[in-house]
Amino acid sequence: MNIVAAYQLVGTYRGAADICGTTHKTVKRVIERTEAGEPRPVRAPRPANYEGVRTLVTDAVKAGKGRVSAKRLLPRARAAGYTGSDRNFRRLVAQEKRAGASTVAVGVRRCGPRVSTWSSTGA
């Protein structure tokens, strides 16, 4: 439930806090801000922890034509200053592979379709 709506329903900071699962101090801060007509504060988006090595991964994926694994790239990324988790790095590599998939021709048959010939001898 919305903090302001809970406060209007109950009429106390502590009651609204119990309904919303927060503290009475938070409810007080939100109600005072709402009554003053101030807008809700907006946080600036934080950059992901892998943004510093995105170019390294992009270049490696292009050079390897999408066949490079995150397991092989992680030591190079750590040397370049990446301090995030292995899972987050795997997500980055998968994202870059998907982004480059339209430019990399993987699994395309170069010789064209195979033609079947049927014998009419009926042996």
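The values are calculated or read from the model by the stated rules, or taken from the named source; none is laboratory data. These numbers come from a predicted model, not from an experiment. Cβ: placed from backbone, ideal geometry, glycine included. Neighbour counts: every protein chain shown.
Filter segment 41-66 for residues that are over 14 Å from Ala101 (Cα atoms) and either acidic (Asp, Glu) or in contact with a Cys (Cβ under 7 Å, 6 or more places away or on another chain) (or both) and give the result.
Glu51
Filter segment 31-53 for residues that are surrounded by 15 or more Cβ atoms within 10 Å (Cβ to Cβ) and closer than 30 Å to Ala79 by Cβ; which is nearest to the chain's Cα centre (by Cα)?
Within segment 31-53, the match that is nearest to the chain's Cα centre (by Cα) is Tyr50.
Among residues belonging to segment 76-91 that are over 17 Å from the mean Cα position of the chain (by Cα) and either part of a helix (DSSP H, G or I) or among the charged types (D, E, K, R) (or both), point out the one that is surrounded by the most Cβ atoms within 10 Å (Cβ to Cβ).
This residue is Ala77.
Just to be sure before I move on: is Gly15 without any contact (Cβ under 8 Å) to a residue 12 or more places away in the chain and either closer than 30 Å to Ala99 by Cα or surrounded by 15 or more Cβ atoms within 10 Å (Cβ to Cβ) (or both) in the structure I sent?
Considered against the rule, which asks whether it is without any contact (Cβ under 8 Å) to a residue 12 or more places away in the chain and either closer than 30 Å to Ala99 by Cα or surrounded by 15 or more Cβ atoms within 10 Å (Cβ to Cβ) (or both), Gly15 comes out as yes.
Taking Ile31 as meeting all but one of (1) within 30 Å of Thr12 (Cβ to Cβ); (2) outside any helix (DSSP H, G or I), write down the number of the exception.
With respect to (1) within 30 Å of Thr12 (Cβ to Cβ); (2) outside any helix (DSSP H, G or I), Ile31 is out only on (2).
Does Thr121 meet the test of being modelled with pLDDT under 95, among the hydroxyl-bearing types (Ser, Thr, Tyr) and not in a helix (DSSP H, G or I)?
The answer is yes for Thr121.
Does Ala44 fit the bill of being outside any helix (DSSP H, G or I) and modelled with pLDDT of 90 or more?
yes
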